[in-house]
Amino acid sequence: MIILRAFILSIFLLQPALAIDPGEALSDPQLETRARALSLELRCLVCQNQSIDDSDAELARDLRQFVRQRLQAGETDGQIREAVVARYGEFVLFRPQFAPHTFLLWATPLLIMLIGGFWAYRMMRNPSSNRAETRLD
Amino acid sequence: MTAELGHFALILALCVALVQASLPLSGVLRDNPAAALALGQRAALAQVALLLVAFVLLSYAFVRSDFSLQLVFANSHEAKPLIYKLAGVWGNHEGSMLLWTLILAAYGALFAWRVPTANTAPSHAMPPRFAALVLVVQGWLGSAFLSFLIFTSNPFTRLDPAPYAGRGLTPILQDPALAAHPPLLYAGYVGFSMSFAFAIAALMNDARGRDWARWMRPWILAAWVFLTLGIALGSYWAYYELGWGGFWFWDPVENASLMPWLSGTALLHSALVAEKRDTLKRWVLLLSVLTFSLSLAGTFLVRSGVLTSVHAFANDPERGIFILAIMGLFTGGGLALYARYLPRFGADGGFALKSREGLLLANNIFLATATVTVFIGTIYPLVLDALDMGKISVGAPYFNAVFGPLTLPFLIILPLGPLLTWQAGRLIAPSTVLILMALAACLVTLGLWFSQQNISLIALLLIGGVLWLATGALTDLMLKLRPYGLAGLARPWRLPSAAFAAPLAHFGLAMMIVGIVASTNWRGETVSAVSAGDVITISGTQLRFDGVRQVEGPNYRAEEGRLVYLSGPHKGTVLAPQRRFYEAERSQTTEAAITTDLRGHLYAVIGETTGDKRVVRAWYHPFVALIWMGALAMALGGVFGLLARRPKSAKLAA
């Protein structure tokens, strides 16, 4: 078991992340910028928490090429994302889409700010008990 | 034999910790606090001594490469340099938990040793009842973690027969920065056990006053300094070791350390309000409990293997459940005591937004939101998966999308806090200075807007905000130093260290954000397959590739590339990136070659061969060093804050 684990570790964890290979980049700099931005948002499915842009796994390379082919075919970022999700599922997106089941993920920061703001507002309007206590000191 | 002694010392330490957790408590309950304290103090000192014995014996086994110990066999090798044999002690689960427990006991013992009761001015004295309760809480924590060690993670397990050679330490962990990373991180995590213990003692003691907030602050500050340094060191290591210059991956384990840091930063600031203004006490107590819970959660997330991540190198569900139980016990217990005794504390409030305490409260709302964001982003995929509602990933793009807009208003209010007085909220700085600060920030933002093409709006606004923060911090420093005049500046070592604390920490934050924004927005990158003699151009700099040679290290073989600068002030400088192969561990690492110039880092690595050519990757990371220099400045600000407290405690020790 330990040996198996060490083996898995040595494959997935210890391989340094090395980004794209020579010759992969598109000649059009604007398309290439879009390709990089998209690649950073797509998860390499055989790695541990790496984007396909950071990974040198076979699958990541294929997906990078897939993204670039689609870009050259003139598709939008949204269409490409959808195509990748259709293939691999939502798990592949590092930035989850805004949907009912991700509502709390996106709304919580805002909710906390609002609750915090409301709490602070009430606290500032209610100075009574604190003053009483200060007198006792 | 030494291993059995170590094991025995651990068991004794558990017995002592159990005594520390129980007898002083009964002393306190029977109204004999002086005796309770005296016993607690002795127990705390005995506990740390025993743990030190265990730790030294384990280190000795690593240094001697005693492969009859399972742990040494699995994590060490004779061919390793001495420093990594030592670092191997905490480069694994059992040893690092022993270090965790040792640091916990050390904090308790330090408190027991310096507790300000006898021989002090009455105004500074801590009631024995309070001090005894702090030691009781530390005793409970020690008992829990020692049980965890002894029953699930014994570092002294023997192997029979002993193997001839060990398996070695994962090569990417064989690095000076990573040798120091866990001890610093743990000193940070565990340091928050002190504010937790103080909060529990304050809750159980009929504490109408606010002295506990003053007693608590140096411990929060110390924990915060360690945690800042520990996280920064880990980030710097990832930057040069993982091979392409990323410094933060929003990886679950990184998030686990960021959460207590964020809430610890909030605690640091709100404890100041409790100490100076006698309000926000309920919030400070809650935050103390939660910050330590997050430290425990950090340990849980890393050690249980619930999360897949780059660092989850030791995991075991059984241990996870044990740590989960410890976490539940202390978080649940802390919150129960909080609910029970809260009515003793007056309601928070009684101040205006436009005052230093008002802005510190706003700071806490931002930091709390940031903490919750990291928390929800880390556990959301787990919860969704557990509820069978789908598998999603939450990664860097999510956190960047939330943190950008969250940081901006935070940067705008931050420098105003120190420039307002407490209570009345009078502006300390002349308003012309504020106008100039704002003008400078706006001008630079507009200048960048027109001169730079590929820059996102949020990056632009953040740079403006950071300039406002940096000039604000300098103004704060100048106002604090003004009373000492030029004569004071001529002898800087005589200036009060308190004056430097907040300005330095705030300036450090500004440096860090500039580093993050600049290095992500203006990064240059090139990937090419080259033969000897070919020239690579990266961000206007030309490098000639001179081929690859073989080199021998102490416990590895390496391929070393040679790149020579052809232009610029560094002309002639040689970059020598390596790919190392570790025989004993059968794995490889990439060692980047980095040169620093005024604007940033040139970062080069060599890759595999393709045909007769070699893949060479080079990056230019502008201003990236500011990230870690900023962290260092923040930590230094914390150290100045601690030094400012010294005169009082020196009096206590006398």
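The values are calculated or read from the model by the stated rules, or taken from the named source; none is laboratory data. Since the model is a prediction, treat every value here as computed from it, not as a measurement. FYI the Cβ positions are ideal-geometry reconstructions off the backbone, even for glycines, and counts take in every protein chain you see.
Odds and ends about this structure:
- Hits in segment B:454-491 - residues which are among the aromatic types (Phe, Trp, Tyr) and within 33 Å of the chain's Cα centre (by Cα): B:Trp468
- Only residues that are more than 30 Å from B:Leu159 (Cα to Cα) and without any contact (Cβ under 8 Å) to a residue 60 or more places away in the chain were counted across segment B:1-34, and they come to 6.
- So B:Tyr398, is it assigned by TED's automatic domain parsing to the domain that holds B:Ala256, buried (at least 19 other Cβ atoms within 10 Å of the Cβ) and farther than 22 Å from A:Phe103 by Cβ: no
- Candidates B:Glu591, B:Glu583, B:Glu559, filtered to the one that is under 28 Å from B:Met511 (Cα atoms) and within 14 Å of chain A (Cβ to nearest Cβ): B:Glu591
- For segment A:77-123, taking the residues that are within 17 Å of A:Ser51 (Cα to Cα) and among the basic types (Lys, Arg), the one that is nearest to the other protein chains (Cβ to nearest Cβ) is identified as A:Arg95.
- Selected residue (criterion: nearest to the other protein chains (Cβ to nearest Cβ)) from residues of segment B:164-222 that are small (Gly, Ala, Ser) and not in a helix (DSSP H, G or I): B:Gly209
- Close contacts from segment A:15-34, counting a first residue that is facing another protein chain (nearest Cβ under 7 Å) and a second that is at pLDDT 80 or above and surrounded by fewer than 15 Cβ atoms within 10 Å (Cβ to Cβ), with Cβ to Cβ under 9 Å and a gap of 6+ residues or different chains, come to A:Leu18/B:Glu608; A:Asp21/B:Thr610; A:Pro22/B:Thr610.
- A single member of B:Ala44, B:Ala74, B:Ala54 is within 14 Å of chain A (Cβ to nearest Cβ) and either under 28 Å from the mean Cα position of the chain (by Cα) or aromatic (Phe, Trp, Tyr) (or both), and it is B:Ala74.
- Of the residues making up segment A:35-60, those that are away from every other protein chain (no Cβ under 12 Å) and within 20 Å of A:Gly78 (Cα to Cα) number 2.
- Of the strands (runs of 3 or more DSSP E) that lie entirely inside segment B:456-556, those containing 3 or more residues that are of a type in the set (Gly, Ala, Ser) span B:524-530.
- Wholly enclosed helices (runs of 4 or more DSSP H) of segment B:365-455 bearing at least 2 residues facing another protein chain (nearest Cβ under 9 Å): B:396-413
- Looking only at residues in segment B:136-162 that are polar (S, T, N, Q) and in a helix (DSSP H, G or I), the one that is farthest from B:Phe322 (Cα to Cα) is B:Gln138.
- Taken over segment B:594-615, the residue count meeting the criterion of being more than 14 Å from chain A (Cβ to nearest Cβ) and among the polar types (S, T, N, Q) is 2.
- Filter result for B:Gly561 (out of contact with any Leu (no Cβ under 7 Å at 6 or more places or on another chain) and loosely packed, with under 15 Cβ neighbours inside 10 Å): no
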